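Everything below concerns the one structure shown next.
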Amino acid sequence: MKIKQIEKLKTPKFIQQIESTLKPLEFLERCAKNYGDLFFTNPFGNLETLVVSHPQDLQKLFNPTNKILDAPGTVNEIFKPQLGENSLIVQNGERHQKQRQLIMPPFHGEQMLNYGQQICDITKQVTQHLKPGETFIARHLSENITMTIILKVVFGIDEGLKFENLKNLMATWLGLTSSPLSASVLLLPFLQKDLGAWSPWGKYLRLRQQIDEQLMAEILARRQQVQPLRFDVLSLLMQAEYENGETMSDAELRDNLLTLLNAGHETTATAIAWALYWIHQQPEVKNRVLHELQGLNTPDPIKISQLPYLTAICQETLRIYPVVLFTFPRITRSSVNLRGYDVAAGTYVTPCIYLTHRREDLYPQPDKFQPERFINRKYSSYEFWPFGGGSRQCLGQVFALFEMKLILATILLNCQLKLEEKAPVTPARRGFLLGPLGGVKMSRVVNTRVSASN
Ligand code: HEM
């Protein structure tokens, strides 16, 4: 077989960096058009990385029996100042696998289903404050809901001053890095200079310190007063044991609580804001999902999570504009041939979710929001993969989809909303994520009963 050569982008590196930061989708689409399914870029300075998005290549690379890709935590060191050195995201090899096995169970199976009613109740509580006729930003609403879920369901911190304090602190801390410009302080280590409490990095570190102290105080209080009937994620993690019988240290618990907050709060909130946009932008989608929801005799969490059209809406939302464009970087352990192209061992690889989700051969008219695609066809995990793949695949993916469906269903069943956007909403980078520009303006309709034909 003739070996083909993978092309490198001809654009100068610094232009690639600027374009991929400011206009990531246009940049990726142009690269795919000019260079095909495999190309080398330099989006992070001098490091050259191979962008992969063809389902056959993903299958070959992610296939667990091949063991071609390594997903070392050392390439995620950029997250250390944010998440701490004990975070799952910066762990390597065996340590990463062991920590994952410990953190995973509360986010799956029966344990997760126990959180369903709590998620619906929190959504009702937060949405009841929406005033009829007043415009609000959908992303602010969904962030408020997912933050409350993280605090109550994951951290196990309920109402009261402690809850309010921590919620405000975390919202301010995350807000410091939510715009493309302010997020550059996380992406570019040379900007990480503590020049006092008013400098961007100084402020960031001091807030993190305050959050750390509150989390540590909570962990210590729980250790002193063990309550066996608590089922929040922190309580379960405090009891979980590694194979050698050891449990997580306080610092491990603290850093992984921050990891779950950072990985799970804004991602899910952004996906929900997009879903609310699409549902209200297309009346036939809204009608169909309301019919489905109102067909349930008792809208209990398990039944809601099994509804096919609601599920398809969530999938299509995550397909059309995946909240995360790329997985974490990977490195090839051995050389590999991808559809005739040779890739050397030791190559940095960046699997690109967005480009797979925009393939015409998989998704005809890829820029159209059509949930029916997911009813009419079953996509493989190399064709539809908003949560990444392999050994670092999103740990919260089952929980995130469950949460999305319950939050959307509760909102749709309890209040009638209206889109207040005059023009189509476009995607824009928000820190590490891709979200709707402006967050989607909506309003609550004055005193109307929710019904499918509205
Ligand atoms: C719609 C919501 C979400 C999306 C789109 C999303 C997407 C992703 C992606 C693409 C990755 C990287 C996977 C890879 O490199 O292959 C990831 C990793 C991760 N996600 Fe999510 N995520 C979401 C929600 C959540 C939630 C709710 C949690 C937990 C509460 C969570 C926890 C994590 C963790 C801990 C990792 C790192 C896994 C590791 O390093 O082993 N995510 N997520």
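Nothing in this text is a laboratory measurement; each read-out follows from the coordinates by a stated rule. These numbers were taken from a predicted model, which means no experiment stands behind them. Note that each Cβ is placed from the backbone with ideal geometry, even for glycine, and that neighbours are counted across all protein chains shown.
The set of residues in the range 20-34 being free of Cβ contacts under 8 Å to residues at least 60 places away in the same chain, surrounded by fewer than 19 Cβ atoms within 10 Å (Cβ to Cβ) and polar (S, T, N, Q) consists of Asn34 alone.
Going through (1) under 22 Å from the mean Cα position of the chain (by Cα); (2) within 16 Å of the ligand (Cβ to nearest atom); (3) among the hydroxyl-bearing types (Ser, Thr, Tyr) one by one, Tyr309 falls short only on (2).
Just one of the listed residues (Lys60, Lys80) is more than 15 Å from the ligand (Cβ to nearest atom) and among the basic types (Lys, Arg), namely Lys60.
Scanning the range 103-136 for residues that are acidic (Asp, Glu) and within 28 Å of Val440 (Cα to Cα) yields a total of 2.
Residue count for the range 185-213 satisfying the condition of being closer than 30 Å to Glu19 by Cβ and either basic (Lys, Arg) or touching a residue at least 12 places away in the same chain (Cβ under 8 Å) (or both): 10. Here Arg95 fulfils each of the conditions (1) within 19 Å of the chain's Cα centre (by Cα); (2) closer than 21 Å to Tyr242 by Cα apart from (1). In the range 259-273, the residues that are under 9 Å from Val323 (Cα atoms) and free of Cβ contacts under 8 Å to residues at least 12 places away in the same chain form no Cβ pair under 6 Å with any partner that is within 8 Å of the ligand (Cβ to nearest atom) and not hydrophobic (A, V, I, L, M, F, W, C), whether six or more places apart or across chains.
Yes/no per residue for (1) surrounded by 22 or more Cβ atoms within 10 Å (Cβ to Cβ); (2) within 14 Å of the ligand (Cβ to nearest atom):
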residue: Val233; (1), (2): yes, yes
residue: Tyr242; (1), (2): no, no
residue: Glu252; (1), (2): no, yes
residue: Leu257; (1), (2): yes, yes
residue: Leu261; (1), (2): yes, yes
residue: Ala271; (1), (2): yes, yes
residue: Ile279; (1), (2): yes, no
residue: Pro283; (1), (2): no, no
residue: Glu292; (1), (2): no, no
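Kindly indicate whether any position in the range 305-312 is at negative phi, part of a strand (DSSP E or B) and surrounded by 15 or more Cβ atoms within 10 Å (Cβ to Cβ). Within the range 305-312 (the criterion being at negative phi, part of a strand (DSSP E or B) and surrounded by 15 or more Cβ atoms within 10 Å (Cβ to Cβ)), the answer is no, since none of the residues qualifies. Residue by residue through the range 112-165, note down the ones that are loosely packed, with under 13 Cβ neighbours inside 10 Å and at positive phi. Gly133, Gly160 - these are the residues of the range 112-165 that are loosely packed, with under 13 Cβ neighbours inside 10 Å and at positive phi.
Here Leu186 meets the list (1) under 30 Å from Pro43 (Cβ atoms); (2) surrounded by fewer than 15 Cβ atoms within 10 Å (Cβ to Cβ) almost entirely, failing just condition (2). Whenever a residue of the range 35-58 is closer than 24 Å to Ser381 by Cα, its partners that are crowded, with 21+ Cβ neighbours inside 10 Å and among the polar types (S, T, N, Q), lying with C-beta atoms within less than 6 angstrom and at least six residues away or across chains, give the pairs Val51/Thr41; Ser53/Thr356.
The lone criterion from (1) surrounded by fewer than 18 Cβ atoms within 10 Å (Cβ to Cβ); (2) touching a Lys or Arg at 6+ places or on another chain (Cβ under 7 Å); (3) within 30 Å of Leu22 (Cβ to Cβ) left unmet by Met216 is number (3).
At least 3 residues being buried (at least 17 other Cβ atoms within 10 Å of the Cβ) and within 12 Å of the ligand (Cβ to nearest atom) is the threshold, and among the strands (runs of 3 or more DSSP E) wholly inside the range 323-394 those reaching it are 348-351. Within the range 35-57, being away from the ligand (no atom under 16 Å from the Cβ) and charged (D, E, K, R) holds for Asp37, Glu48.
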